[in-house]
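Shown next, in C-alpha cells, is the structure this report addresses.
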Amino acid sequence: MIEHIQWLGYGSFVIQSTPLIYINPWRVSSVTFLADVVLVSHAHFEHFSPVDIEKVSADSTLILSNAQVAEQLPRAEVLLPFHSRTVDRARITALPAYSTGSEVHKREDGGLGFLISLNFYDIYYVGDSEPTPEMRKLAPDILILPIDGMGTMTPESAADMVRELRPRYAIPCNWGMGGVNLGDAERFKRLVGDRAEVRIPEAR
C-alpha cells in the first residue's frame, strides 16, 4: 500500500487505489486520473485550494471536509469528527486536528485529520495538529504527519508520536517551503531510527 501513496508537495497527497483519493490537492501540475474522493483538512490556503480541487475533480467526485471549507465550497460535504463515510473499498473517518499550545490551529476551527482504512491498511493523515489525546488511541499501519512546527509537530514531537503509535511506515509532510526543508525531514528520520520505516518522498 505504501507504494500507492504519492506526495504532491507540502501537505498534499494522492492515494492511487480504488477509490482514488486526493488529500489537500495544492499546486497540482498534471492530472492523469480524476479523484473519486477529495479530502480537505482545513481552510488554510496551502491545504485548501479550490482551483486545484476543481482540477482533480469530476462531477461525481465526493469532497469531504469541515464546515469552514464547506462555507466556501458548497459542493463539499461536512464530515464531523469521529464520523465515517464508506466509499467503495475505503472507510474514511474524520478525527480532530488542532493545536494545544498555539493560536494557529484552534480546536474550535474544526481542523481534521483522516483515518483511511483501505486494502487492509489503516492510513492516518494527521492534518495540521500537535499531538492530541485522540490520536494516541490509534494504531495505524501508515502514519503521515507534519513536521513544520507551525502550530503542528516538530521533527522531535513527530518522532515521539511515531514511537507511541508504532506504525510500520511514517511519512513526514508540511516541508519544502517556509524554511522547513529536506534537512528537517532527514532529522525526523534519524530521530525515528528503527522504530518505523520512514519514507521521505519526492514530489512528482
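Readers should treat all values here as calculations from the given coordinates under stated rules, not as data from a laboratory. All values derive from a computational prediction rather than experimental measurement. All Cβ positions, glycine included, derive from the backbone under ideal geometry; neighbour counts span all protein chains shown.
Summary table
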read-out	value
J(HN,Hα) series, region 23-28, from Karplus relation 6.51 cos²θ - 1.76 cosθ + 1.60, nearest Hz, glycine and proline x	10, 6, x, 8, 6, 6
Order by protection proxy (mean Cβ within 10 Å, highest first), peptides 191-198, 164-171	164-171, 191-198
Cα gyration tensor shape of the chain, rounded if a/c is under 1.5, else prolate or oblate by comparing a/b with b/c	rounded
Ranked K106, K55, criterion: other C-beta atoms within 10 Å, fewest first	K106, K55
Nearest 10 degrees, 0 to 90: helix 182-192 Cα axis against the chain principal axis	60 degrees
Hz values of 3J(HN,Hα) by residue in region 91-107 - Karplus curve (6.51, -1.76, 1.60), Gly and Pro given as x	10, 10, 10, 7, 10, x, 10, 6, 9, 9, x, 8, 8, 5, 10, 6, 4
The chain: calculated mean residue ellipticity at 222 nm from DSSP helix runs of at least 4, using -39500 (n - 2.57)	-5000 deg cm²/dmol
Among F13, F188, F45: highest mean-square fluctuation, GNM of the chain, C-alpha pairs under 10 Å	F45
Length released on extending from N119 to R163, taking residue separation times 0.36 nm less the Cα-Cα span	13.4 nm
On Cα atoms only, tilt of 155-165 relative to the major axis of the chain in degrees	80 degrees
Per-peptide average of other Cβ atoms within 10 Å, ordering 26-33, 85-92 highest first	85-92, 26-33
Fewest-first ranking of Y10, Y98, using other Cβ atoms within 10 Å as the exposure measure	Y10, Y98
FRET efficiency estimate (nearest 0.05) - Cβ-Cβ, A139 to E108, R0 25 angstrom	0.35
Relative contact order of the chain, pairs being alpha-carbon contacts under 8 Å that are 6 or more residues apart, as %	15 percent
Listed peptides 3-9, 57-63, 108-114 by packing density, highest first (mean Cβ within 10 Å)	108-114, 3-9, 57-63
Region 35-72-region 80-102 distance, computed between alpha-carbon centres (Å)	14 Å
